[in-house]
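Visitor: This structure is in structure tokens; I'll ask about it shortly.
The values are calculated or read from the model by the stated rules, or taken from the named source; none is laboratory data. This one's a predicted model, so the numbers in the text were calculated from it and none came from an experiment. Cβ atoms come from the backbone with ideal geometry, glycine included; neighbour counts cover every protein chain shown.
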Amino acid sequence: MSAAETIGEMARAARGAVAGLAGAGTAAKRAAIRAAAGAIRVRAEDLLAASAVDVAAARAGGTSESLIDRLMLDTARIEGIASGLETVAGLDDPVGEVIKAWEQPNGLRFERVRVALGVIGIIYESRPGVTADAAALCLMAGNACLMRGGSEAARSNRVLLDCVAAGLAAAGLPAAAVQMVPAGDRALVGAMLAAHGLIDVIIPRGGKGLVARVQAEAKVPVLAHLDGINHVYVDASADLATAAAVVVNSKLRRTGVCGAMETVLIDRAASADLARGVVAALLDGGCAVHGDAGVMELDTRVTAAADADWDTEWLDAVASAALVDGVAGAIAHIGRHGSAHTDAIVAGDAAVAARFLGEVDSAIVLWNASTQFADGAEFGFGAEIGIATGRLHARGPVALEGLTTYKTRVYGAGQVRA
């Protein structure tokens, strides 16, 4: 069977499962997700063993430690996955929600109602937790999903998929609602991207190469972000303790996540103590700093930034740093070099912060908070299926509402149009 035939067969089965989910109701979807969470806890030792093999193979293949961190499962992360599913199961079911209702003078009544997107293709790398998160979110929003994880997490993904399958079976939901596309065959990815009319939307999660390929080749709508070139701007009105804490956490809490800060911008009017303190906090925390001429004068440990550094997603303990002319300079820099993902301001001046939040055109903007809050769980969504940085349909962490569209129901009493 060719790759196109394989994907076609899986997608048609998924389409049938969407109809089954529509008729199953909220209680059955919640039961399936909760049963999957229970299965994950029961099989925690299997997951740890599978993850150990995946991590060992990745290290042997020369994978960087920042990417190993994305791949690795431990007891706390496994419990986090299970707890995240339970949170999703407890959220309001978006399907059937009446978004808006109105009536026209001719007596026609209108209701705009949320409905599932349909069949969602998810192509992702490294993070096995995506398997569980994506399955739960798709199910709760009434969608079926075809998931294609990376070969580097194949063993972990397999165990997690088995747990989801057990949840579906326990709730009497169709097994085809969540399917795993075999890893290792790149032709299957191409077939997913070409499956117009069979797959309704593609969501990629992974490195720049993967996302760029998906965006370049897809004949199916794509919900994605390419880079997480995120900034923290430290205004002259900022408090040093707050600024240092936010900058260090934004960069160093987990350097390999898409919400990590890659560039710190410091107001040229900031006091010497504030500017030096922020830079020193990064350096003392173990972060290399590539700075412009002004930043290099603040600390002898700073090395010269190259032009390409402002457009680099480091995903490591490295940060770019520049002095800018106030909030206007920060907004201009982010406009030139940002990726519309997540950008933050640290400021004591509310008017300056309001200007930043209003004029920086990113999916997520924060005031006096770490960029590492760019995460669906931190938004109260339980989990996310990805971060979207485009302008259509959904932006920021994509959770239940982002996995729905709407239709309009019209109620008449025999009206005809003149």
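Visitor: Taking the condition surrounded by 23 or more Cβ atoms within 10 Å (Cβ to Cβ), among the hydrophobic types (A, V, I, L, M, F, W, C) and assigned to a loop (DSSP other than H, G, I, E, B), does ALA153 pass? Let's see the steps before the verdict.
Guide: Values: surrounded by 23 or more Cβ atoms within 10 Å (Cβ to Cβ): yes; among the hydrophobic types (A, V, I, L, M, F, W, C): yes; assigned to a loop (DSSP other than H, G, I, E, B): no.
No: the conditions fail for ALA153.
Visitor: Let me ask you something else. From the set of residues in region 366-418 that are aromatic (Phe, Trp, Tyr) and under 12 Å from the mean Cα position of the chain (by Cα), which is modelled with the highest pLDDT? Even if it seems obvious, please write down each step before you answer.
Guide: Here is the first cut: in region 366-418, the ones aromatic (Phe, Trp, Tyr) are 367, 373, 379, 381, 406, 411.
Now narrow it down to the ones that are under 12 Å from the mean Cα position of the chain (by Cα): 373, 379, 381.
Working: PHE373: 97, PHE379: 90, PHE381: 85.
Taking the candidates together, the pick is PHE373.
Visitor: Can I ask one more? Just checking, how many residues over region 350-381 are out of contact with any helix residue (DSSP H, G or I) (no Cβ under 9 Å at 6 or more places or on another chain), more than 30 Å from ALA136 (Cα to Cα) and not small (Gly, Ala, Ser)?
Guide: Adding up the residues that qualify gives 1.
Visitor: A further question follows. In this structure, is GLY16 farther than 30 Å from VAL257 by Cβ, in contact (Cβ under 8 Å) with a residue 24 or more places away in the chain and in a helix (DSSP H, G or I)? Quick ask: steps written out before the conclusion?
Guide: Working: farther than 30 Å from VAL257 by Cβ: yes; in contact (Cβ under 8 Å) with a residue 24 or more places away in the chain: yes; in a helix (DSSP H, G or I): yes.
Spelling it out, GLY16 is indeed farther than 30 Å from VAL257 by Cβ, in contact (Cβ under 8 Å) with a residue 24 or more places away in the chain and in a helix (DSSP H, G or I).
Visitor: If you don't mind, there's one more thing I want to ask. Say we look at region 67-85 and pick out the residues that are touching a residue at least 60 places away in the same chain (Cβ under 8 Å) and under 19 Å from ARG30 (Cβ atoms); which of these is surrounded by the most Cβ atoms within 10 Å (Cβ to Cβ)?
Guide: Across region 67-85, the extreme among qualifying residues is LEU85.
Visitor: Report the residue count in region 377-414 for those that are surrounded by 12 or more Cβ atoms within 10 Å (Cβ to Cβ) and assigned to a loop (DSSP other than H, G, I, E, B).
Guide: 17
Visitor: Go through ALA58, ALA52 for me and flag whichever is in the same structural domain as GLY207 (by TED's automatic domain parsing), in a helix (DSSP H, G or I), touching a residue at least 24 places away in the same chain (Cβ under 8 Å) and not aromatic (Phe, Trp, Tyr).
Guide: On the way: ALA52 fails: touching a residue at least 24 places away in the same chain (Cβ under 8 Å).
Within the list ALA58, ALA52, the selection yields ALA58.
Visitor: Same structure, new question: Say we look at region 314-364 and pick out the residues that are touching a Cys at 6+ places or on another chain (Cβ under 8 Å) and surrounded by fewer than 19 Cβ atoms within 10 Å (Cβ to Cβ); which of these is nearest to SER66 (Cα to Cα)?
Guide: ALA317
Visitor: Same structure again: Which pairs turn up if I take residues in region 298-320 that are within 14 Å of GLU262 (Cα to Cα) and touching a residue at least 24 places away in the same chain (Cβ under 8 Å) and look for partners that are among the charged types (D, E, K, R) and assigned to a loop (DSSP other than H, G, I, E, B) with beta carbon separation below 8 Å, at least 6 apart in sequence or on another chain?
Guide: GLU313/ASP227
Visitor: If you don't mind, there's one more thing I want to ask. For ALA328, are the conditions met, namely being modelled with pLDDT of 95 or more, closer than 21 Å to ALA353 by Cα and assigned by TED's automatic domain parsing to the domain that holds GLU359?
Guide: Answer is yes for this residue.
Visitor: Being surrounded by fewer than 19 Cβ atoms within 10 Å (Cβ to Cβ), modelled with pLDDT of 95 or more and not aliphatic (A, V, I, L, M) is the filter here; which residues of region 238-264 pass it?
Guide: If the condition is that a residue be surrounded by fewer than 19 Cβ atoms within 10 Å (Cβ to Cβ), modelled with pLDDT of 95 or more and not aliphatic (A, V, I, L, M), then ASP239, THR242, ARG253 are the ones that fit.
Visitor: One residue is enough: does region 48-59 have a residue meeting the conditions among the hydroxyl-bearing types (Ser, Thr, Tyr) and within 21 Å of ALA377 (Cβ to Cβ)?
Guide: Here is the first cut: in region 48-59, the ones among the hydroxyl-bearing types (Ser, Thr, Tyr) are 51.
If we keep only those that are within 21 Å of ALA377 (Cβ to Cβ) too, we end up with 51.
Scanning region 48-59 turns up at least one residue that is among the hydroxyl-bearing types (Ser, Thr, Tyr) and within 21 Å of ALA377 (Cβ to Cβ).
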